[in-house]
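To start, the structure under review is shown below, and the notes come after it.
Values quoted throughout were computed directly from the atomic coordinates according to the rules given, and no laboratory measurement underlies them. None of the values given here were measured: they were computed from a predicted structure. Cβ: placed from backbone, ideal geometry, glycine included. Neighbour counts: every protein chain shown.
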Amino acid sequence: MTTPIHFTKMHGCGNNYIYVYLPDNPIPDLRMAAVEWSRPHFGVGSDGLITIEPSDKADFRMRIFNNDGSEAMMCGNGVRCCGKFVRDHHLTEKKTVTFETLSGIKTLELFEDEHGVVTSARVDMGEPVLNDKKQCATPDGSLRLGDVNGMKGTFVSMGNPHDVIFVDDITKLDLEKIGATFENHPLFPERVNTEFAQILPDGTIRMRVWERGSGITMACGTGACATSVAATLTQHTGRTNTIVMDGGWLTIEWGSDNHIYMTGPAVTVFEGSINLPTTH
C-alpha cells in the first residue's frame, strides 16, 4: 500500500522546491524524499524539498533539503515561498510571519495583490557574518578578495557560507565546468555556495550561482544577499542593490541596523500528490 503525500511546487525567481506541510503529510525519511522527488523525469523535479511545520520558537518552522539529500541552513527564495504557502493554505491570517530556520528566526512581511493573493515578500535575513573559522579556513575566518582557484573571492555568511567572485564578463563563465571545484575547495570545510557576479553599466548586478548540494540553480536568495554585501565592500556599490539572476531579480538592502533585507516574488506553480519513496 502506498501513502500519497500532498505537495505544492513553488518557486522564487526560478529557485524551485517541493513544499510539504508535515503535520498533514508525515514523511519518515526526508532526505530520501528530497533525492527521489527532485529527480527530473522520474520525480517532480526541483532544487530540493522544503518542509513546513508549527514551531515553539516562531510561527512556523522550515527545513530545507537539497536535491542530493543534504540539509541546508537557509534559503531566501524558499522562505518567501513558505510565507506564501502558509497564507494560501489558511494556516495563518498574519501579514507578518516568522519562521524558525537553522540560521535563526526570519521575519517576513507579505505583500498581496488586489485579490488578496500573496505575490511577494520582504524578509529580514539577519546580519551578514564576515568572519567564521568553521566555514572559512583562513587564520581569522575571513576572505576579502582572496585567491580561490585563481579567482578573487569574498567570503560572506548568511547563516550558510558564500564565496562571491566578481568577473568582467559573466557570459564567458563556464559554470557547469568550474562550479563543483569551488563548492568542494578545501578553504571551505562545510562546502560553499559560489556566486559569480558582474556590475552592469546600469548599476545592477548580474549574478549566477552554484549551490552546494544542488549545483547550478536559477537563483539563490542568500546568495543574492551575500553578493550585495560583497559588492558594497569590494566594488563600492551602494547599500541597496538589484541582483539579476537567471530566474529573476531581487532587491537587497543593507540596513543601518546591519540587517539584510531581501524583497522578491513568491510563485505557486502547481499542487499534486506523490507517493512516499520506497527502498529497493
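Things to note:
- Sequence of I27, I178 once ranked by neighbouring C-beta atoms within 10 Å, starting from the fewest: I178, I27
- Mean separation of Cα contacts under 8 Å (6+ apart) over length of the chain, as relative contact order %: 22
- Candidate cross-link partners of K133 among the lysines, defined by an alpha-carbon separation under 23 Å and a same-chain spacing of 8 or more, comprise K152.
- Loop chymotrypsin sites (Phe, Trp or Tyr not before Pro), the range 1-90, which have at most 15 other Cβ atoms in a 10 Å radius of their Cβ (DSSP): F42
- Total charge dipole magnitude, the range 144-280, about the Cα centre, Cβ charges on Lys, Arg, Asp, Glu only, Debye to nearest 20: 160
- When D56, D88 are sorted by how many other C-beta atoms sit within 10 angstrom of their C-beta, beginning with the fewest, the order is D56, D88.
- Full-stretch length increase - F111, T181 - with 0.36 nm per residue and alpha-carbon distance subtracted: 21.3 nm
- Residue order, fewest to most beta carbons within 10 Å, for V192, V156: V192, V156
- With a cut-off of 17 Å on the backbone N, no residue of the range 99-115 is near the modelled label site 7 Å out from D24 along Cα-Cβ.
- For the range 155-208: rounded, prolate or oblate by the Cα gyration tensor [a/c cutoff 1.5]: oblate
- All-pairs alpha carbon distance profile, the range 26-65, 5 Å steps from 0, percent: 6, 23, 26, 19, 14, 8, 3, 1
- Peptide ranges 244-254, 199-209 listed from the most packed, as the mean C-beta count within 10 angstrom indicates: 244-254, 199-209
- Beta bridges by DSSP in the range 1-103, antiparallel share as percent, to the nearest 5: 70
- Loop-located GluC sites (Glu not before Pro) across the range 104-159 with a Cβ neighbour count of 16 or fewer within 10 Å are E114, with loop assigned by DSSP.
- Efficiency of FRET between T119 and H259 - r from beta-carbon atoms, R0 22 angstrom, step 0.05: 0.45
- Taking every alpha-carbon pair within the range 146-256, the share separated by more than 19 Å comes to 35 percent.
- Note on the range 146-256: antiparallel DSSP beta bridges, both residues inside, total approximately 75 percent of the bridges counted.
- The GluC sites (Glu not before Pro) of the range 177-229 that DSSP puts in a loop, and whose beta carbon has at most 15 other beta carbons within 10 Å, are E190.
- Each Lys and Arg Cβ is given +1 and each Asp and Glu Cβ -1; about its Cα centre, the chain then shows a dipole of about 240 debye.
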